1. Being surrounded by fewer than 22 Cβ atoms within 10 Å (Cβ to Cβ), touching a residue at least 40 places away in the same chain (Cβ under 8 Å) and away from the ligand (no atom under 14 Å from the Cβ), is that true of even one residue in the stretch 452-466?
2. Out of (1) part of a loop (DSSP other than H, G, I, E, B); (2) within 18 Å of the chain's Cα centre (by Cα), the odd one out for residue 95 is which?
3. Based on what the data block shows, is residue 361 more than 16 Å from the ligand (Cβ to nearest atom), in contact (Cβ under 8 Å) with a residue 40 or more places away in the chain and either touching a helix residue (DSSP H, G or I) at 6+ places or on another chain (Cβ under 7 Å) or outside any strand (DSSP E or B) (or both)?
4. Could you tell me which of the residues 28, 80 is closer than 29 Å to residue 324 by Cα, in a helix (DSSP H, G or I) and within 24 Å of the chain's Cα centre (by Cα)?
5. Could you please find all residues in the stretch 191-214 being within 14 Å of the ligand (Cβ to nearest atom) and buried (at least 23 other Cβ atoms within 10 Å of the Cβ)?
6. Could you please find all residues in the stretch 317-339 being crowded, with 19+ Cβ neighbours inside 10 Å and part of a helix (DSSP H, G or I)?
7. If a residue has to be touching a strand residue (DSSP E or B) at 6+ places or on another chain (Cβ under 9 Å) and not in a loop (DSSP other than H, G, I, E, B) to count, how many in the stretch 248-274 make the cut?
Ligand code: NAP
């Protein structure tokens, strides 16, 4: 299949400001999940190619660290503007490689651009301190410096935003980097490389390597000790492997890992608001989001009403290829994702859950799944413990606030939770008791470039975005001055 936006993207590795082939001209195919057909082939980096990219970042590091914060802010601002100017084409490209409906893809480009605007402002606000030692005989000068060359690894579900959420603060802080997008969705990141170059980013400051065998390609890079930081967004399973690799040279890490978000609806909630919140928390990105509501706990006195309202909304959604104007739910990323969602639904139904709507994959090409609501899902079901990553809303009743909190915390994950109640004190009490890095109180979307995004427990380490997002790419240096 050919499409002009796909044709217009360079499909090589971006190293030291140049587009180069992978060793031996190796490539791998990128598929359109709406059809399962090949969209194009892109360069498949070898470990040596990845090393060349890191060498370019290392070579660029000192010069880039010496640029003024204002210069770095200006580059990010220009890149923000270019993302807006090209949003329509970039959205089409993202839909083709990832599947999400065009309007959502466009929304992601705007969201992704916002990280550049946010960190352009942060670049010129990197602070420090000056203090007198308690004994009065010395002064403490505290300053922040770029951490050094970074390795950035991103997932396929938000192909542009997960990249800008790392590149924005890295560039703002003065760090050079190598970025590796997921093999399913390299095209958005390759398109971003052109934009950054046009925005005036010096050669070598950002290098991009697409690779099919990520473990083989990235492990020597991480173990080389040449990079000082790994920022990873992806599954908890892979995050743990990378943490072990980083331990060898005691690399700094930021880990944005998997989620298993509880969505709690109390009997005093505005049910229409709660349904709207659940639709947003569940169906953004077809449910393929780390923040997706994975377990919906509803007070037993309102679960039937909530279930029928949610099912009616879910049944209205048009499933189809993301490029079609009416589509609200695109395909899942690949056949394995579709098979996993099917398995999880069958498991829950086998354990006594009732299907209120959906429950299966439609016939035909592409990796689609029908929006599904299940009720009476027991806590023993696999989907109560594993990320569904698909358009399936499992409802489970509860009786008391304590039980709701206990169920919400019954997971090794701790990224985000959603709480719906009209009782402010209860809302704050429950938000404090739930063990997650983020809570949506009467709101179904928490992601915001100006807010600190991240999880606790096995959902990760560190925060992206907000005023502290840049600190992940800065080292604190203290200079003691004898007086
Ligand atoms: P994944 O399988 O962990 O992959 C994430 C990235 O890591 C991809 O670029 C992947 O490359 C790469 N990778 C895989 N194995 C690797 C290895 N051994 N060494 C180095 N790199 C390796 O996750 P995914 O399926 O793409 O993304 C879905 C997961 O991401 C979900 O668990 C979701 O919750 C999580 N996520 C978390 C956040 C957050 O902010 N907390 C945001 C979005 C997604 P290849 O795919 O090319 O092999």
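1. No, the stretch 452-466 contains no residue that is surrounded by fewer than 22 Cβ atoms within 10 Å (Cβ to Cβ), touching a residue at least 40 places away in the same chain (Cβ under 8 Å) and away from the ligand (no atom under 14 Å from the Cβ).
2. Condition (1) is where residue 95 drops out.
3. Details: more than 16 Å from the ligand (Cβ to nearest atom): yes; in contact (Cβ under 8 Å) with a residue 40 or more places away in the chain: no; either touching a helix residue (DSSP H, G or I) at 6+ places or on another chain (Cβ under 7 Å) or outside any strand (DSSP E or B) (or both): yes.
Answer is no for this residue.
4. Details: 28 fails: in a helix (DSSP H, G or I).
Sole residue among the options that is closer than 29 Å to residue 324 by Cα, in a helix (DSSP H, G or I) and within 24 Å of the chain's Cα centre (by Cα): 80.
5. Applying the first criterion (within 14 Å of the ligand (Cβ to nearest atom)) to the stretch 191-214 yields 208-214.
Result: 208, 209, 210, 211.
6. 337, 338
7. Within the stretch 248-274, the subset touching a strand residue (DSSP E or B) at 6+ places or on another chain (Cβ under 9 Å) is 251-271, 273-274.
Remaining after also requiring not in a loop (DSSP other than H, G, I, E, B): 252-256, 261-265, 271, 273-274.
Number of matching residues: 13.
This table checks each residue for (1) in contact with a strand residue (DSSP E or B) (Cβ under 7 Å, 6 or more places away or on another chain); (2) assigned by TED's automatic domain parsing to the domain that holds residue 317; (3) closer than 27 Å to residue 333 by Cβ; (4) free of Cβ contacts under 8 Å to residues at least 40 places away in the same chain.
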residue: 20; (1), (2), (3), (4): yes, no, no, yes
residue: 62; (1), (2), (3), (4): no, no, no, yes
residue: 68; (1), (2), (3), (4): no, no, no, yes
residue: 72; (1), (2), (3), (4): no, no, no, no
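The values are calculated or read from the model by the stated rules, or taken from the named source; none is laboratory data. Computed from a prediction, not measured in an experiment: that's the story for all the values here. Note that each Cβ is placed from the backbone with ideal geometry, even for glycine, and that neighbours are counted across all protein chains shown.
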